[in-house]
Amino acid sequence: MTNLDATPPLAERLGALEAQQVEAARLIADLQARDALKTEFLANISHDLRTPLTAMITHAEILRDGILGDLSERQRESVQAIINGGRQLLDSIGEILTYARGAAGQLTVSRTEFSVAEVVAKVSTLNESLVARKGLALEVDVPDDLPPLQADREKFAHVLSNLLGNAIDFTPAAGRVWVVARAVAGDGGCTLLVEVGDSGIGIAPEHHDLVFREFAQVDSSASRRHHGTGLGLTIARKLVELHGGRIWLESRLGEGSRFFFTIPYVADS
Amino acid sequence: MEDSALVTDALRLLFEETGHRVSVAATVSAAVALCAADAPDLVLLDLTLGDEDGLDLLAELRAAGLAVPRTVAMTGHDDPVTRARCLAAGCIEVLTKPVPARELLSQVRAWVRSSGPGTG
């Protein structure tokens, strides 16, 4: 039996609800304003970090290419080291900013139709010199008749580049790395399945979840030589999931690794 | 057209040391004035100029009845939407920064050569 005498009058309860609504609206407006500030900050910091670094790299390239006079071999090597460091720093800045945008819920997908083979070829070419330096065999298997993908081309390339870069990094000299892409039909429609594999050091099964976590690097003597922010696979997972896809790996210590990711094809409207 | 002194210093050095004459503008209005006074053979256009859109240069040149020089956009993103916007606005090419100096020099030489006699 309810004690009706203890229930606040209706007008009072309505007043409290209205006050809560006003407060909620104020909080939403405040959050939206902070969100806008975050977006502006990320855009500005990206420009402010990249611009001086780009200028430094350009000056170093001017020196390296002998435009201001010939350099000795040792001088050229030293300047090349500046360029390599600068480009590595640019990549790390890019990763950190992508991670920050992801954490702020500001990563978006801008879909266009593109050839998967073309992007795979471009990413492979960018890694050619490192592959050659380590004496690796890079195998690419992307069928000519693979349907074009409707996805964010830049983000797709970023995921592929991260996985291929890791495969190359963690494979000793004279090993194998490979990229395979297939269109797979299923109940939900057609899906692009990409595999990036290597004959490298492998990852123990108990670490398979860890590798996708922020700042995590599996502690092994080989991984200590690996550069990077520890955000690469976290970002790759975020970008794949933004497309409605999935990323996972199969690997055992000492037996190489195979990273897989899927991106659903968009059904024709 | 670029609003960062660091970047313009580096690019000015690159192009002047290789025989080109370089003018720099940090705003759309300054770029329009430069084009009116001394039409360049090629414009390298940074898309983000403070709160201005670099592509506005092309529209403003047309509005002023000035010839639009061969223009190459420089953007930080390898993004097909941005590329399409630049090409639609009249750019002949879109380069993703940072462009290796050797590659930039080679492309600029080709574009300047193809823009006609009397170039420098």
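The values are calculated or read from the model by the stated rules, or taken from the named source; none is laboratory data. These figures come from a predicted structure and were not determined experimentally. Note that each Cβ is placed from the backbone with ideal geometry, even for glycine, and that neighbours are counted across all protein chains shown. SASA here: full protein model, heavy atoms, side chains in, ligands and nucleic acids out. Shrake-Rupley method; radii C 1.70, N 1.55, O 1.52, S 1.80 Å.
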Worksheet item: If R0 is 22 Å, what FRET efficiency do you get for A:ARG34 and A:ALA103 from their C-beta distance, rounded to 0.05?
Response: 0.95
Worksheet, complete the sentence: Yeah, region B:34-120 with a ≥ b ≥ c from its alpha-carbon gyration tensor (a/c under 1.5 is rounded, else prolate when a/b outruns b/c, oblate otherwise) is oblate
Item to complete: For region B:85-93, just list the computed ³J(HN,Hα) in residue order, Karplus coefficients 6.51, -1.76 and 1.60, θ = phi - 60°, integers in Hz, with x standing in for Gly and Pro.
Response: 5, 5, 5, 5, 6, x, 5, 8, 6
Worksheet item: Which FRET efficiency value, to the nearest 0.05, is calculated for A:ASN84 and B:SER29 with the Förster distance at 41 angstrom and r the Cβ-Cβ distance?
Response: 0.55
Worksheet item: Quick one, what does Rg over Rh come out to for region A:72-208 if you take C-alpha atoms and the Kirkwood Rh?
Response: 1.01
Worksheet item: What is the percent of Cα-Cα separations in the protein assembly as shown that go past 35 Å?
Response: 41
Worksheet, complete the sentence: For chain A the mean separation of alpha carbon contacts under 8 Å (6+ apart) over residue count, i.e. relative contact order in percent, is 15
Worksheet item: Short version: ³J(HN,Hα) in whole Hz for each residue of region A:49-60, in order, from phi by Karplus 6.51 cos²θ - 1.76 cosθ + 1.60 (θ = phi - 60°), x for Gly and Pro, what are they?
Response: 7, 6, 4, x, 5, 4, 4, 4, 5, 4, 4, 5
Discussion item. If amide hydrogens are placed 1.01 Å from N in the peptide plane, which non-local residues have theirs closer than 5 Å to the one on B:LEU66?
Written reply: none
Item to complete: Work out which residues of region A:140-168 lose at minimum 20 square angstrom of accessible surface when the other protein chains are put back, relative to the chain isolated, with a 1.4 angstrom probe, and list them by number.
Response: A:ARG153, A:GLU154
Item to complete: May I ask you to give the solvent-accessible area per residue for the protein assembly as shown, in square angstrom, as obtained with a 1.4 angstrom probe?
Response: 55
Fill in: Degrees between helix A:73-103 axis and first principal axis of chain A (Cα, 0 to 90, nearest 10)
20
Item to complete: Could you tell me how many degrees, from 0 to 90 and to the nearest 10, lie between the Cα long axis of helix A:116-126 and the main elongation axis, the longest principal axis, of the Cα atoms of chain A?
Response: 60
Worksheet item: Given a 1.4 Å probe and no ligands, DNA or RNA in the count, how much accessible surface is buried by A and B, both sides, to the nearest 100 Å²?
Response: 1800
Worksheet item: Any residues in region B:67-107 that have 20 Å² or more less accessible area with all protein chains than in their chain alone, probe 1.4 Å, and which are they?
Response: B:HIS77, B:ASP78, B:PRO80, B:VAL81, B:PRO98, B:PRO100, B:ALA101, B:ARG102
Worksheet item: So how much accessible area does A:GLU241 have, in Å² to the nearest 10, using a 1.4 Å probe?
Response: 100
Item to complete: Mind listing the lone cysteines of chain B, meaning no other Cys beta-carbon sits under 4.7 Å from theirs?
Response: B:CYS35
Item to complete: Note the full-extension length gain between A:ILE45 and A:ASP144 as 0.36 nm times their separation in residues minus their Cα-Cα distance, in nm to one decimal.
Response: 31.5 nm
Worksheet item: By how many nm would the segment from A:ARG213 to A:GLU255 lengthen if fully extended, with 0.36 nm per residue of separation less the alpha-carbon distance?
Response: 12.9 nm
Worksheet, complete the sentence: In a Gaussian network model of chain B with springs linking alpha carbons closer than 10 Å, the residue among B:ASP38, B:ASP79, B:ASP51 that fluctuates most is B:ASP51
Worksheet entry | Stretch gain in nm, segment B:ALA39-B:ALA59, where the contour uses 0.36 nm per residue and the Cα spacing is subtracted | 5.6 nm
Worksheet item: Round to a whole number: what % of the accessible area of region A:15-121 belongs to carbon and sulfur, probe 1.4 Å?
Response: 58
Worksheet item: Taking accessible area as the heavy-atom solvent-accessible surface of the protein chains with a 1.4 Å probe, which residues of region A:62-82 lose no less than 10 Å² upon going from the isolated chain to the full protein assembly?
Response: A:ILE62, A:ARG64, A:ASP65, A:ILE67, A:LEU68
Worksheet item: Efficiency by 1/(1 + (r/R0)^6): what FRET value for B:GLU93 and A:VAL22, r their Cβ-Cβ distance, R0 = 51 Å, to the nearest 0.05?
Response: 0.40
Fill in: Mean Cα-pair separation over length for chain B, i.e. relative contact order, pairs under 8 Å, 6 or more apart, %
24
